[in-house]
Every structure is written in C-alpha cells, then in structure tokens.
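Trainee: Below are the structure tokens for one structure; questions will follow.
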C-alpha cells in the first residue's frame, strides 16, 4: 500500500510540475515560424503576470515590431498604437503607447541581457513599463539591472533573427513584421 501511495505522490508531482512549466511557456507566432519563450515568475512576477495577461487576452496579436536594431534588440508590444488590427494603429506613434492597465514597477534582476532575453521596455522612468517588451539579438550588458528581464527565447531564435531590421540609429522599421499571435503554451 505504501508503494502505491508513493507512486501516486510521485506521478502527481510530475503532473503538477509539468502544468506549472507550461503555464510559464509562451508561443510567439511570427510569419517565419513559432518561437517558444520561457518566463521567469520567480525573478519578475509582476512583469510575467502582465505579459501573460495581455498575451492570453489577445492584446499582442497584430502588434508590430516597431523598433529593431541589428545586433541589439527587437522591440514590440505597443498595444495602443502598434496594433495593426486596430483603428488606433499609427506607425509613427508606435512605441509611445501601452495598455489601459497601470504601469509595472521595476523588477531589476540578476538576469544578464544576453541573446534571447525578454525584457520590459520603458521610458526614462524605471517604473514606467506597461506592455512593451524587447528581445535581445545579442548581449547587451549595459542593460543589466537597468531593465526588467523576465524571460528568454528557448526555441526559434532563428525566427527572431529574421524580423525586419530598422534604421541603424533609431531602429524605426518602415514596413515592420508583426506578431501573428502570442499565447500561453
């Protein structure tokens, strides 16, 4: 009887571990292919919660990568002005908007901004992150402990690399790629 009990506990723990892991995995669909992102709720719980809330409610679907600098990062997430499916879409304002939710306070972590890291975009105010995010195309140590890193691309980074690059200085992309969908796995 004890063996059955221990087997039950073992399988239950495997099941719940798998569910927990899947709850913190996102699938970003791009024209080029699917990207799997692992989120770090233990490092930046409020940023992870906001990202999942917006993603799972479809707010990121159709949002453009408005700022992409080769060798640095690809930025998206302006759900107000950057959503190509919305009547408020305005590429010249993309990067200045956010969601209707309040801003998220900074959660600076020990996560280094290396290739594939997902981090919150913000203004000069560290507590101004809202819906925008960026994915590092290469290491950017000058961002460490200055921006809230909260996840990492674990599969499909080659598709992130294919996102259209913008102006080498400003990163502005005249005909940007967009997020087809972004949801929890």
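Read the figures in this text as sums done on the coordinates, not as results from a lab. What you see is a predicted model; the values in this text were computed from it and never measured. Every residue, glycine as well, gets a Cβ built from its backbone with ideal geometry; the counts of neighbours run over all protein chains shown.
Trainee: Given 0.36 nm per residue, what is the gain on full extension from residue 23 to residue 157 after removing their alpha carbon distance, in nm?
Mentor: Numbers: separation 134, 0.36 × 134 = 48.24 nm, distance 2.04 nm.
Taking residue 23 through residue 157 to full extension adds about 46.2 nm, to one decimal.
Trainee: Can I get the semi-axes of the chain's equivalent ellipsoid? Compute them from the C-alpha gyration tensor as square roots of 5 times the eigenvalues, in angstrom, largest first. Intermediate values should be presented prior to the final figure.
Mentor: Values: eigenvalues 196, 60, 53 Å².
Taking √(5λ) for each Cα gyration eigenvalue gives 31, 17, 16 Å.
Trainee: Right, here's the next one. Fewest Cβ neighbours within 10 Å first, please rank 40, 32, 60 accordingly.
Mentor: Numbers: 40 19, 32 15, 60 26.
The order, fewest Cβ neighbours first, is 32, 40, 60.
Trainee: Sort 94-104, 161-171 by packing, meaning the average of other beta carbons within 10 Å per residue, with the highest value first. Working shown, then result.
Mentor: Numbers: 94-104: 17.2, 161-171: 14.5.
The packing order, highest mean first, is 94-104, 161-171.
Trainee: Let me ask something else about it. Taking the 0 to 90 degree range and rounding to the nearest ten, how far is the long axis of helix 45-56 tilted relative to the main principal axis of the chain, both from C-alpha atoms?
Mentor: It works out to around 80 degrees.
Trainee: For the range 113-185, what number results from the quotient of the Cα radius of gyration and 2.2 N^0.38 Å? Before the final figure, lay out the partial values.
Mentor: On the way: Rg = 12.9 Å, N = 73, 2.2 N^0.38 = 11.2 Å.
Ratio of Cα Rg to 2.2 N^0.38 Å: 1.15.
Trainee: Per DSSP helix of 4 or more residues, -39500 (n - 2.57); summed, then divided by the residues of the chain. What does that give at 222 nm, rounded to the nearest 500?
Mentor: Working: 3 runs with 39 residues, N = 185.
Computed ellipticity for the chain at 222 nm equals -6500 deg cm²/dmol.
Trainee: Report, to the nearest 10°, how far helix 2-23 tilts away from the longest principal axis of the Cα atoms in the chain, using its own Cα long axis and a range of 0 to 90°.
Mentor: 0
Trainee: Can you tell me the length gained on complete extension of the stretch residue 127 to residue 115, counting 0.36 nm per residue apart and subtracting the Cα distance?
Mentor: Additional length available on full extension: 1.9 nm.
Trainee: At 7 Å along Cα-to-Cβ for each site, give me the label-to-label distance between residue 88 and residue 164 in nm.
Mentor: For residue 88 paired with residue 164, the spin-label model returns 2.3 nm.
Trainee: Now for a different question. What length, rounded to one decimal in nm, is gained on full extension from residue 175 through to residue 49, with 0.36 nm per residue of separation minus their alpha-carbon distance?
Mentor: Numbers: separation 126, 0.36 × 126 = 45.36 nm, distance 3.04 nm.
In short, 42.3 nm is gained.
Trainee: Could you give me D for the range 76-162, from Stokes-Einstein at 4 °C and 1.567 mPa s, where the hydrodynamic radius is the Kirkwood radius over C-alpha pairs? Units µm² s⁻¹, please.
Mentor: Working: Rh = 13.7 Å.
So the translational diffusion coefficient is about 95 µm²/s.
Trainee: 7 Å from Cα along Cα→Cβ at both residue 185 and residue 31: what's the point-to-point distance in nm?
Mentor: The two pseudo-label positions are separated by 2.6 nm.
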